[in-house]
Amino acid sequence: MAKVNLFWNPAGFELDSLGTNQLTKVSDGDTPQVSFSIRMLSIDTPEIHYPGTQSPAKHDEKLTQLAEWMQQGKAPIDAALADFLRPKLATGSAGSLQKQQGDLAAQAFQDLLDAKLTKPNGRKRALFLRSADEKFDQYGRVLAYVAPSYTADELAAMTPLQRATFNLLMVDGGWAAPFPIYPSLPKYSDLVLFQSVTEDAMLQKRGTYADPLSLTGYEFRMCFRLWEITNDMENGKKLSEGDRMGWIERFCVDMTTREIFFPQNYYRVLPCNRVFIWPKDANDAAGKLNLTPA
């Protein structure tokens, strides 16, 4: 395993605002209880619904067509990235595989919840949440690392992996791709753990890594957007350069070399070593993380 050279130890923030949430019940005169959705930080699982409520399985033909457009040079994508993605899209079942793996990932998460949140006496543990710099995503979900709530005595007797967050455990099982996005990065020791368990899942072919033609969730989403853009172009719609390239935006950093890659070169970084950066944050990240151009 290559040494992680990206050093990042954010102070972190406690959850200080949880937005607008539905009231579920009232425990007493000063204790309302609410429910809210959580998007687990630094991971990405295969999609069960995308876009909206549509099943990915409905997009098999579209993704096959996208592979053909790539072959013909009609899609606005670099040739090298097209060569990387095309075999995964040309199977005729890329969307169905995404949906199948999404369902398996959801079941794997449920199994982890059942196992980790059950105490020896059969009672249920609470969840421990920790947010980073950004508190909410665009859908209003709380962005957080989620773990079983252990006592101080329990934590003292556990290794870092034994007390791991569900975020890390999903990556360890191969059902989630690591997806750290600056500035909401884990601290250095956690980045090392993310890298280590991902590399092991890849080598042992756990979860989605059992199929070399799998698309990560973020690859599936960007390929679907690329199909939409290419379809518009094929139908004669005039698109600006920004519109044509709107399907892929994030820069990618190799955490072992601190090299930063343009968005369409993300595939040159091993999945276990990837850190992503939005364009608006690229200059700030380059300075704070001491990045160098690839």
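The values are calculated or read from the model by the stated rules, or taken from the named source; none is laboratory data. Quantities reported herein were computed from a predicted structural model and do not represent experimental measurements. Backbone-built Cβ (ideal geometry, glycine too); neighbour counts: all protein chains shown. The protein model used for the area step is the full one, side chains on, heavy atoms only, and it has no ligands, DNA or RNA in it. Shrake-Rupley method; radii C 1.70, N 1.55, O 1.52, S 1.80 Å.
Can you give me the number of residues within region 52-89 that are touching an Asp or Glu at 6+ places or on another chain (Cβ under 8 Å) and either buried (at least 17 other Cβ atoms within 10 Å of the Cβ) or free of Cβ contacts under 8 Å to residues at least 60 places away in the same chain (or both)?
Total meeting the criteria: 4.
Report yes if some residue within region 180-203 is among the hydroxyl-bearing types (Ser, Thr, Tyr) and within 21 Å of Thr91 (Cα to Cα); otherwise report no.
No, the conditions are met nowhere in region 180-203.
Return the residue satisfying two criteria in turn: it lies in region 257-269 and is hydrophobic (A, V, I, L, M, F, W, C) and in contact with a helix residue (DSSP H, G or I) (Cβ under 8 Å, 6 or more places away or on another chain), and of such residues it is nearest to Glu219 (Cα to Cα).
Phe261
Could you list, in sequence order, all residues of region 90-123 that are small (Gly, Ala, Ser), in contact (Cβ under 8 Å) with a residue 12 or more places away in the chain and not in a helix (DSSP H, G or I)?
Residues satisfying the conditions are Ala90, Gly92, Ser93.
Among the residues of region 16-41, write down those that are acidic (Asp, Glu) and either at pLDDT 65 or above or surrounded by 10 or more Cβ atoms within 10 Å (Cβ to Cβ) (or both).
Correct list: Asp28, Asp30.
Any residue at all in region 224-233 that's assigned to a loop (DSSP other than H, G, I, E, B), open to solvent by 50 Å² or more (accessible area, probe 1.4 Å) and not hydroxyl-bearing (Ser, Thr, Tyr)?
no
When you check Glu241 against the structure, is it among the charged types (D, E, K, R), under 19 Å from Pro76 (Cβ atoms) and open to solvent by 20 Å² or more (accessible area, probe 1.4 Å), yes or no?
yes
In region 204-221, what residues are in a helix (DSSP H, G or I) and under 12 Å from the mean Cα position of the chain (by Cα)?
Scanning region 204-221 gives Gly217, Tyr218, Glu219, Phe220, Arg221.
Taking Val253, is it touching a residue at least 24 places away in the same chain (Cβ under 8 Å) and touching a strand residue (DSSP E or B) at 6+ places or on another chain (Cβ under 8 Å)?
So Val253 passes the test.
Here's the yes/no breakdown for (1) on the phi < 0 side of the Ramachandran plot; (2) in a helix (DSSP H, G or I); (3) open to solvent by 30 Å² or more (accessible area, probe 1.4 Å):
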position: Ile248; (1), (2), (3): yes, no, no
position: Thr257; (1), (2), (3): yes, no, yes
position: Gln264; (1), (2), (3): yes, yes, no
position: Lys280; (1), (2), (3): yes, yes, yes
position: Ala285; (1), (2), (3): yes, yes, no
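For residues in region 168-203 being more than 29 Å from Ala282 (Cα to Cα) and open to solvent by 40 Å² or more (accessible area, probe 1.4 Å), which is farthest from the chain's Cα centre (by Cα)?
Looking at residues that are more than 29 Å from Ala282 (Cα to Cα) and open to solvent by 40 Å² or more (accessible area, probe 1.4 Å), I get Leu203.
Tell me, which residue of region 32-52 that is assigned to a loop (DSSP other than H, G, I, E, B) and β-branched (Val, Ile, Thr) is farthest from Asn167 (Cα to Cα)?
For region 32-52, the residue satisfying everything is Ile48.
Taking only region 124-140 into account, find how many residues are open to solvent by less than 70 Å² (accessible area, probe 1.4 Å), over 22 Å from Ser196 (Cα atoms) and either in contact with an Asp or Glu (Cβ under 6 Å, 6 or more places away or on another chain) or part of a loop (DSSP other than H, G, I, E, B) (or both).
Final tally of qualifying residues: 6.
Go through region 142-167 and report how many residues are surrounded by 15 or more Cβ atoms within 10 Å (Cβ to Cβ) and assigned to a loop (DSSP other than H, G, I, E, B).
Looking only at that region, the number is 4.
Being free of Cβ contacts under 8 Å to residues at least 60 places away in the same chain and in contact with a Ser or Thr (Cβ under 7 Å, 6 or more places away or on another chain) is true for just one of Ala126, Ala210, Ala152, Ala132. Which residue is that?
Ala126
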